Amino acid sequence: MSQLHQGEWTVARIAIAGFLHETNTFAPGTTDYADFQARTMGGMMRGAQMLENPKFPMATGGFIAKARAAGHELFPILWCFAEPGGYVTAAAFERITGEIVASLAANGPFDAVYLDLHGAMVTTEHDDAEAEILRRVRAVVGDIPVVNSLDLHGNVGDGMLKHADAMVAYRTYPHVDMRATGERAFRLIETLLAGPRLAKAMRKLPFLLPIHRQSTFTEPCKSIYEALEKLEAEDPKIASMSFLPGFPLADIPMCGAVVLAYGKTQTAADRAADKLYELISSHEAAFDPALKTPAEAAQLALGYTGNRSMILADIQDNPGAGGTGDTVGIIEALVAAKVPDAVVAILADPESAAKAHAAGVGATVTLDLGGKTVPGQKPFRTEAVVEKLADGPFALTGPMLGGLRSDLGKVAQIRIGGVRVVVSSARTQCNDQDYFRHAGIEPKDHKVIVVKSSNHYRADFQPLADAIVEVAAPGACDMNPANLPWTKLPDGIRLYGNGPAWKCA
């Protein structure tokens, strides 16, 4: 069991588990147990499997590295991540949560629990799924420190605040600090093991922040997070601060941005939370959803004369926000404009990938490309040349997911005029250049790079570009919250920066 020495825990027994999903309640379909087993993000891991990869790029990897270095005893239970999508089914939620809770009950007692959560999971039974996970964990482990990490896009409500002793969120978008966030979570657990509980403060912003305006590579979020770190460092009474811009594609009462502060005194936590809240509020006008149409983007690409690439971000078909990854609006626009040199990734279309594999490299095939899953969309009927085929797992090396191996199943590079498209059997967002390379394309060698991603692409692709254009092609991730059929938002919340206020029916 544990030993306390001079106010610090020399050995603590810490249970760890991870259960992550970002739920787009407006997306078609549901997310089931099999989706958490998919290997696009490494698959489901249990027990010692969670300790095997020293480079595991998620928050759990950072937590494990620090806890091991400090000599603590770790009890790993389960870790899983499903690609963002529609509601998590009750069966999947109960099976995974049940396994975590049952293991805690059977293998305790523990000195602390660390949970790697997302913060924006919604199930068919629970609007705030993470609050329910934390409630069940707390009921089993009792009054010991329970700390969880969160994605920057978490939608945090009172339930999560109540049941966790402390929560800490990513500070970068693209999320290049996931391991660092796990390290911060570990420091919070050590703080809680060695001293009294921390005071908590939460402030809810009165407007939604469109996803594509949340990047920490651009203003105002770049400066906001710099200010957060300064506030945290300047006051020794503050243990941790987080700003979560939220995930504005979830029709739940707690949808939206929050500030969290944990301190040695309530006064210190409240003061820090208020300062950050006021700073964010002063930038409200910057959080608007303005975008280019596919036709406008294609014309910009056609006339582009920069020395490096132009990036077109197909942000409304981002699998990382619950998009289907199979809409073809930007592809059709590029082909219609006869853009001579463009590459696109990743179009999720198992049927077309299989047809290309059956035809073989060099063949010309007629495809009903994409457009199969979003209501109102239709496939792009076209002839394409099969230029490269691939299958099986491959390594990712980019700043976000380097250290993971991904498996998209059958993959094909097809060419339609001057437009090359990476077609895959599995769905994931294009946030790593290796998704192109796996299909035989070196992104930097092409004038126009199209990525199905809202912001994560910036970590690996922004250095290749002299221009970035965000495109509003139709998809399951409408970036303008004012266009969405809300039913559960709090009355009066503004739908984007200085935008119209939501009124309950």
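Structural remarks
- The residues of the stretch 45-65 that are modelled with pLDDT of 95 or more, within 26 Å of Thr397 (Cβ to Cβ), surrounded by fewer than 19 Cβ atoms within 10 Å (Cβ to Cβ) and in contact with a helix residue (DSSP H, G or I) (Cβ under 9 Å, 6 or more places away or on another chain), listed by number, are Leu51, Ala65.
- Filter result for the condition that a residue is open to solvent by less than 10 Å² (accessible area, probe 1.4 Å), out of contact with any Cys (no Cβ under 9 Å at 6 or more places or on another chain) and assigned to a loop (DSSP other than H, G, I, E, B), over Val339, Val343: Val339
- Residue count for the stretch 279-294, restricted to those that are more than 16 Å from Ile468 (Cα to Cα), of a type in the set (A, V, I, L, M, F, W, C) and open to solvent by 50 Å² or more (accessible area, probe 1.4 Å): 2
- Residues (in a loop (DSSP other than H, G, I, E, B) and in contact with a strand residue (DSSP E or B) (Cβ under 6 Å, 6 or more places away or on another chain)) located in the stretch 20-56: His21, Ala27, Gly42, Met44
- Which listed residue, of Leu495, Leu464, Leu484, Leu489, is over 24 Å from Gly325 (Cβ atoms), surrounded by fewer than 23 Cβ atoms within 10 Å (Cβ to Cβ) and within 24 Å of the chain's Cα centre (by Cα): Leu495
- Per the conditions (1) touching a residue at least 12 places away in the same chain (Cβ under 8 Å); (2) open to solvent by 10 Å² or more (accessible area, probe 1.4 Å); (3) among the aliphatic types (A, V, I, L, M); (4) farther than 14 Å from Tyr33 by Cβ, the sole criterion not satisfied by Ala90 is (4).
- Subset of the stretch 251-270 [closer than 14 Å to Ile493 by Cα and either of a type in the set (Gly, Ala, Ser) or in contact with a Cys (Cβ under 6 Å, 6 or more places away or on another chain) (or both)]: Gly256, Ala257
- Only one of the numbered conditions (1) over 24 Å from Pro474 (Cβ atoms); (2) in contact with a helix residue (DSSP H, G or I) (Cβ under 7 Å, 6 or more places away or on another chain); (3) surrounded by fewer than 24 Cβ atoms within 10 Å (Cβ to Cβ) is not met by Arg437, and that is (2).
The values are calculated or read from the model by the stated rules, or taken from the named source; none is laboratory data. None of these values were measured; they are calculated from a predicted model. Reconstructed Cβ throughout: ideal geometry from the backbone, glycine too, with neighbour counts over all protein chains shown. Accessible surface is based on the protein model in full, side chains and every heavy atom, while ligands, DNA and RNA are left aside. Shrake-Rupley method; radii C 1.70, N 1.55, O 1.52, S 1.80 Å.
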